[in-house]
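Data block below; observations after.
Each reported figure results from applying straightforward, stated rules to the coordinates on display, with no laboratory input. Source: prediction; values computed, not measured. Using ideal geometry, Cβ is built from the backbone for each residue, glycine included, and neighbour counts are taken over all protein chains shown.
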Amino acid sequence: MSEEDESMSELEEQEKEEQEKETTYGKEDKRGGVLDYIMSLESVPPKLPPKLELLRTRVLCNNDAPDHTDTIQYSGAYASLGVDNSLRLDHFCKSFRVEVIRLEEDELEFDMIGIDPALANAFRRILIAEVPTMAIEKVLIANNTSVIQDEVLSHRLGLIPISVDPRLFQDLGEDNDYNEKNTIVFKLHVCCEQKAPRITVKSDQLKWSPYGSQFPLESKDSHPNASSKPKTYTSFSCSQDALPEFIKNPIGPKDSDIIIAKLAGGQEIELEALAVKGIGKTHAKWSPVATAWYRMLPEVVLLKEIEDEIAVELKEKCPVGVFDIEDIGNGKTRATVAKPRACTLCRECIRGGKEWEDRVSLHRVKDHFIFTIESTGALPPEMLFIEAVKILEAKCERVITELS
């Protein structure tokens, strides 16, 4: 082969290599952009050093106070190391997940993994203040001779959770037109006979009135038409118990043993209560949760082997039983972390001098949240979380629409 042919073959090989590089670069660009291609090069460190990675992903719970509690979510934080730390949608979709730990009738515990604290707190605030429910708003008192004042009695009635799906009702308009689509009416009439023992009025004595209010509306007309039906405080066009949603699920208080009042002999309460739709931001009685809270996942690390008497002492120091003791043979035992999730970060295990701080390290995982929802009973807790997701989604869509 001539020198000219050899030079031509070398040029062709170089061009082929360049084409392969461009093809590889193009594929990486389609998958994750230029940044992913750069991060795949050997000269770029694939991840942060262990020390920085610990500070980025963990809260260090020292003996006196937690440290490194801030979340670092901007791209330039570790730019000098070639690591992009910005929040990216593709990485979020891969890492985010929800794991249900415990589900009961009115309580739900689940893990939210791979999410920023701001979003976790947004769900908590929406659950408390923005998921709508039905609650007693207006009380029409015909007779109240008990020791409880009218306004206190009305307030107690408003705080009684009502077992009904609020999604079946509309919001009360500005015209205050109480009808079967936006109002639930309850009536209460209890009387204690003279010289009879004291009686307790409970929430199970609140009776659903599917036909609406029965109290006649006060009229300015001094000569009302006797043949016409007297107007009431509601304008129901049909009975609510005829609707298919309520045939098998009658409306009533969630709990039947909530004490409303106590009546002595000769005392009486007669009233009607009108429940409407609202949110907890307006008043706490509309909040669908007894509480909604979260905490970061605790992480307990033994920095060295803890054996024999010291292991027993460590187990006794923890009030919630995070540590356990296992037999390692030859008459020796050592401490192990049996239930790290139960850790409340009381820090008893690291108190007692520097020697204990050198044995045990306590952390919190910054992007792993243990979320607990306790429902008041209007909706099951898993449904409350779904409604909170829908509300947050609607907020995001509204912001995007206004910006565009």
Inset, instruction - Quick one: check the C-alpha center-to-center distance for segment 305-328 versus segment 50-100, whole angstrom. - result: 31
Legend entry - Relative pair counts by distance (%), Cα atoms of segment 74-226, 10 Å bins: 7, 22, 22, 18, 13, 9, 6, 2, 1
Inset, instruction - Over all alpha-carbon pairs of the chain, lay out the pair-distance distribution in 10 Å bins, whole %, shortest bin first. - result: 4, 14, 17, 17, 15, 13, 10, 5, 3, 1, 1, 0, 0
Legend entry - Highest-MSF residue in the chain out of TRP356, TRP286, TRP208 [GNM, Cα springs under 10 Å]: TRP356
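Kirkwood Rh, segment 322-404, all Cα pairs: how many Å?
Roughly 17.8 Å, rounded to one decimal.
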Legend entry - Proximal charge balance of PRO66 [Cβ under 13 Å; K/R count +1, D/E count -1]: +1
Inset, instruction - For segment 262-356, evaluate the Debye formula with one uniform point scatterer on each Cα (no solvent term) and list log10 I(q)/I(0) at q = 0.25 Å⁻¹, rounded to two decimals. - result: -1.29
Legend entry - Expected 222 nm ellipticity per residue - DSSP helices of 4 or more, -39500 (n - 2.57), all of the chain, to 500: -8500 deg cm²/dmol
Legend entry - Whole-Hz couplings from phi, Karplus 6.51/-1.76/1.60, listed for segment 372-380; x for Gly and Pro: 10, 10, 10, 7, 7, x, 5, 10, x
Inset, instruction - Please compute the Cα-Cα pair-distance distribution of segment 282-335 with 5 Å bins starting at 0, giving whole percents from short to long. - result: 4, 15, 18, 15, 9, 7, 6, 6, 6, 5, 5, 2, 1, 0
Legend entry - Exposure proxy ranking, count of Cβ atoms within 10 Å, fewest first, for ARG56, ARG341, ARG334: ARG341, ARG334, ARG56
Inset, instruction - Within segment 94-202, report the GluC sites (Glu not before Pro) that DSSP leaves as loop and that have at most 15 other Cβ atoms within 10 Å. - result: GLU104, GLU105, GLU174, GLU193
Legend entry - Cβ-defined net charge surrounding VAL98, 12 Å radius [Lys, Arg +1; Asp, Glu -1]: -3
Legend entry - Cβ-based net charge around LEU314, under 12 Å, with every Lys or Arg adding one and every Asp or Glu removing one: -3
Inset, instruction - Would you mind ranking MET383, MET112, MET134 so that the residue whose beta carbon has the fewest other beta carbons within 10 Å leads the list? - result: MET383, MET112, MET134
Inset, instruction - Taking the dipole about the Cα centre of segment 233-357, with the C-beta of Lys and Arg at +1 and of Asp and Glu at -1, give me whichever of ALA275, VAL312, SER235 is farthest to the positive side. - result: SER235
Inset, instruction - First check a/c for segment 153-301, with a ≥ b ≥ c the square roots of the eigenvalues of its C-alpha gyration tensor; if it is under 1.5, answer rounded, and if not, answer prolate when a/b is larger than b/c or oblate otherwise. - result: oblate
